[in-house]
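Below: one structure, written as structure tokens.
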Amino acid sequence: MPASPANDPSLRSWIDIRPTDDFPIQNLPFGVMEVPEWGPRLAVAIGGYALDLYACAQLGYFEAIGDDVPALGAAMPKVFRRRSLNAFLRLGRPAWQAVRERVSELLRHDNPSLRDNELAISTCLLRQRDVTLLRPVKPTSYVDFYSSLEHAMNVGVMFRPDNPLLPNWRHLPIAYHGRANSIVVSGTSIKRPQGQYRPAGQDEPVFGPTQQLDFELEMAFIVGQGTAQGNTVPLAQAEDHIFGLVLFNDWSARDIQSWEYQPLGPFLGKNFASSVSPWVVTLDALEPFRVAGPAQAPQPLTYLQNTDNQHFDIQLDVLIQPAGATTEPLVISHSNTRHLYWSMAQQLTHHASNGCPLDAGDIYASGTISGPTPGALGSLLEMTQRGTQPLNLPGGLQLGFLRDGDTVILRGYAEREGVRIGLGEVRGTVLPAAE
């Protein structure tokens with residue numbers, strides 16, 4: 001992608017933004033907010049604020065770009081008054097980029113058009129703490145990949161010590177289709193699922209609340225440009241169909257999963273809930289943080305042969321707030337998206353290779369992202385060796401799997417040349433199972 005003027009590291013905003021803030025003027029991620037008296041609105045995050053795109057359009061701040069991008073001009077302002085980004089995404093990349101560039105112009109320190117209009121500021125700029133952030137998209141489909149070599153090896157050793165990595169793994173991105181309507185926005189509590197599982201040492205299964213509730217540290221991309229059924233997507237064009245990235249927690253009931261997954265793969269152990277962060281960081285904003293991925297051997301088939309720098313250098317943290325704790329959350333893992341063996345472009349190209357259609361708003365998650373060191377593991381399954389080696393937390397607490405009341409927080413950011421592009425966070429607290 002060509003360099004975007006909105007990515008200039010020297011840009012400053014007239015809004016006060018701390019150096020450690022996830023949402024500087026170089027970021028400008030998209031999301032959906034709701035204020036009771038106004039209803040849902042599309043918004044852009046800037047510092048601790050949310051810029052109301054519907055209000056900006058009503059006040060005429062987007063008129064010029066509407067003339068330049070006919071699809072956007074015909075859709076405004078109603079496209080910004082929706083409960084999801086889906087309709088906006090369908091307008092295509094020219095509209096996405098035009099809005100981001102215009103918002104960047106409006107927020108620059110030397111542009112008085114919004115800065116000096118107190119009435120417009122009071123209408124368009126709201127503190128994030130004063131609004132409800134909604135799930136950013138309404139996916140018709142959700143796919144979860146298995147793209148981390150380290151995670152695949154760690155899990156494989158537990159279940160197949162003599163053959164940890166199945167022979168197909170290095171040839172194609174493995175995935176399963178999940179449940180799109182159980183994806184919830186960050187901050188939504190997760191009720192402990194019930195299901196059928198076989199306790200250790202027993203021959204017969206039981207039904208009840210999972211005893212091995214886990215998180216999975218993942219990144220997901222949002223499809224922006226759909227395809228018709230029967231069409232494929234060449235690898236060189238895959239990113240044209242990707243709007244941006246979000247943090248993703250694929251909650252997992254390991255005991256239910258291990259009992260049911262053969263021969264058809266994950267089912268009830270995975271589909272009860274997944275959590276997504278509310279702000280979608282665009283590929284344009286992440287452009288300066290591209291890196292080469294791991295060497296792939298053997299070389300994939302031609303349609304999956306990678307081009308340079310299709311990975312991103314995004315730092316990832318997992319934090320735990322134990323039930324009842326009053327201290328700050330504890331960091332229990334540091335990882336990075338650059339560890340992924342299969343890039344998101346390869347994931348999308350493979351998924352579409354049989355003609356399966358893509359829809360704007362669909363979510364494609366990476367699978368657990370684990371690094372090569374013990375401190376870079378992306379699930380309790382790996383950290384605790386299936387619960388047999390619990391984590392020793394302050395206060396004498398031992399954590400094998402998640403307990404009722406535990407809160408899991410995933411955070412991520414990319415940083416270079418003094419610019420920090422954050423993805424915010426995705427968090428969820430475990431509630432007791434239904435009676």
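Key figures
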{"item": "Positions within segment 393-435 being more than 29 Å from T20 (Cβ to Cβ), assigned to a strand (DSSP E or B) and more than 23 Å from the chain's Cα centre (by Cα), in sequence order", "result": "Q398"}
{"item": "Filter pass, S343 being polar (S, T, N, Q), crowded, with 21+ Cβ neighbours inside 10 Å and modelled with pLDDT of 95 or more", "result": "yes"}
{"item": "Output for segment 67-99, where each listed residue is surrounded by fewer than 17 Cβ atoms within 10 Å (Cβ to Cβ) and hydrophobic (A, V, I, L, M, F, W, C)", "result": "A71, A74"}
{"item": "Flag if V331 is closer than 19 Å to M219 by Cα and among the β-branched types (V, I, T)", "result": "yes"}
{"item": "Of all residues making up segment 28-66, the number that are surrounded by fewer than 16 Cβ atoms within 10 Å (Cβ to Cβ), touching a Leu at 6+ places or on another chain (Cβ under 9 Å) and among the charged types (D, E, K, R)", "result": "1"}
{"item": "Selection status of T368, surrounded by 21 or more Cβ atoms within 10 Å (Cβ to Cβ), under 22 Å from Y341 (Cβ atoms) and in the same structural domain as R160 (by TED's automatic domain parsing)", "result": "yes"}
{"item": "Residue list for segment 357-382, filter: more than 22 Å from the chain's Cα centre (by Cα) and either in contact (Cβ under 8 Å) with a residue 60 or more places away in the chain or not in a loop (DSSP other than H, G, I, E, B) (or both)", "result": "P374"}
{"item": "Among the residues listed as A71, A43, A55, the single one being over 18 Å from D130 (Cα atoms) and not in a loop (DSSP other than H, G, I, E, B)", "result": "A71"}
{"item": "Yes/no for G361 being buried (at least 21 other Cβ atoms within 10 Å of the Cβ), farther than 30 Å from A297 by Cβ and either at pLDDT 95 or above or of a type outside the set (A, V, I, L, M) (or both)", "result": "yes"}
{"item": "Wholly enclosed strands (runs of 3 or more DSSP E) of segment 170-285 bearing at least 2 residues of a type outside the set (S, T, N, Q)", "result": "175-177, 183-185, 194-197, 206-209, 217-223, 242-249"}
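Quick grid of which residues meet (1) part of a helix (DSSP H, G or I); (2) β-branched (V, I, T); (3) in contact with a helix residue (DSSP H, G or I) (Cβ under 8 Å, 6 or more places away or on another chain):
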position: I320; (1), (2), (3): no, yes, no
position: I332; (1), (2), (3): no, yes, yes
position: S335; (1), (2), (3): no, no, yes
position: R338; (1), (2), (3): yes, no, no
position: Y341; (1), (2), (3): no, no, yes
position: A345; (1), (2), (3): yes, no, yes
position: H350; (1), (2), (3): yes, no, yes
position: N354; (1), (2), (3): no, no, no
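The values are calculated or read from the model by the stated rules, or taken from the named source; none is laboratory data. Note that the coordinates shown come from a computational prediction; the quantities given were computed from them, not determined experimentally. Backbone-built Cβ (ideal geometry, glycine too); neighbour counts: all protein chains shown.
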